[in-house]
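The values are calculated or read from the model by the stated rules, or taken from the named source; none is laboratory data. Keep in mind it's a predicted model, so treat the numbers as computed, not measured. Cβ atoms come from the backbone with ideal geometry, glycine included; neighbour counts cover every protein chain shown. Just the protein is used for accessible areas: all its heavy atoms, side chains included, with ligands, DNA and RNA removed. Shrake-Rupley method; radii C 1.70, N 1.55, O 1.52, S 1.80 Å.
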Amino acid sequence: MTDRTSVLPTANRTSPLGGMAVPLLLGLMTLVGIYSWARILGGAPGSVSFSDHAPWGLFIALFLLLESLAAGALFLAAIPGIWNGRRDSTRLATLLVGLVAGLCAGLAILPDLGAPLQAWRLLFSPNAGSPMLLDVWLLALNLLLGLLLWWAIAAGRDEVMGGASWLQAVAALALPVGTAWLFSSMLGRPGWGSALLVPEFLIQAAIGGVSVAILLGLRVRASLDLRPLNQAMVAALLAQILLVVGQAGFALYRNGPETIPYRALLVGSNGLLFWAAVLFGMALPVAMVWTRRGHTQAPWLALAGVALSKYQFMVLGNQYPMLTWPESTFASSLVAGSGGYRMLPSLLPTWEEWAVALGVLALFGLLVNLGLRRVRPLD
């Protein structure tokens, strides 16, 4: 099939002021994030909300969100059959978003490491017994394979494109699986100790990738049939809803201590955000696509649902850490000194943490904005 789009650099046809307003705003937000990160690195009092009981918070939630976007977008970009041609511009745009999301996911965890140079130790002097090793190396592998696939598509190297696509697809699937193994293997975190994390992370990656591809298909001038992508998004959202129903049923019909964190998430002070993610980030996008009423906004709501779910996932693991009670013990509540430590009802990030997180997201938007101008001019 003849490719109707061009992948060559094309000048932006918007006015200079309108064309630069968004990048300037995103750049300013990125600088604010860098300033806030400098305060955290400098040890400014009260700049972080970390503790011995909850060492992972907003930065890891942001990493999980960007990782889902990266894995989903890179996997879709690796499948040539769903695009108009091997060099389809929407395929390149999806690949671009996946690469930028993977890069920003790596940046999101740097503040959590305490010092930026710690990243070199993770890559070149890692602890072979740490489950984080698999996660870090898989992210680096996806970025390398994504760059290889980009070069093969843009240069028209068909002899490289086929092998690179297969390798990229496998690596993209392995990325959320490795992260799920990392969290489920953590000791003293009953909220994360579930084999369901593997399908949950894969489904969220599918939602993220398909939503990105739909939004790019709506914005980039390409003759791309969005119906299969919308159907795939609905299928992934329904699968996510089934997982939520299954986990809720498990928590409500059992009295073991392993269900305490999830029950607290369902009916505790974070219940409003939890049900907002289910109703507005899962059920509503499905209804929009089925009824074709506002279905162009459905991908945005689905992405917001993934973001809320990742935040709630961090709350789930931090609410009752170090739980050591036996399986048969009934516990209506858990407090310090009773086999565990009751955390605050939310992560309560500081303004510096929020500013760093927004700065990473702004950098993500800035790089995507500038990159898409080189792939295809937007409407």
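Some points to look at:
- Subtracting the Cα-Cα distance of Leu123 and Leu144 from their residue separation scaled by 0.36 nm leaves 6.2 nm.
- Ranking Asp158, Asp135, Asp112 by solvent-accessible area of protein heavy atoms (1.4 Å probe, all protein chains present), from largest to smallest, gives Asp158, Asp112, Asp135.
- In the context of the full set of protein chains, region 196-290 has a per residue accessible area of 43 Å² (1.4 Å probe).
- Positive minus negative residues near Leu175 (Lys, Arg vs Asp, Glu; Cβ under 11 Å): -2
- Rg/Rh for region 129-274, where both radii come from Cα atoms and Rh is the Kirkwood radius: 1.06
- Apportionment of accessible area to carbon and sulfur, region 164-222, percent (1.4 Å): 73
- For region 83-214, the spread of Cα positions along each principal axis, largest first, Å: 49, 32, 24
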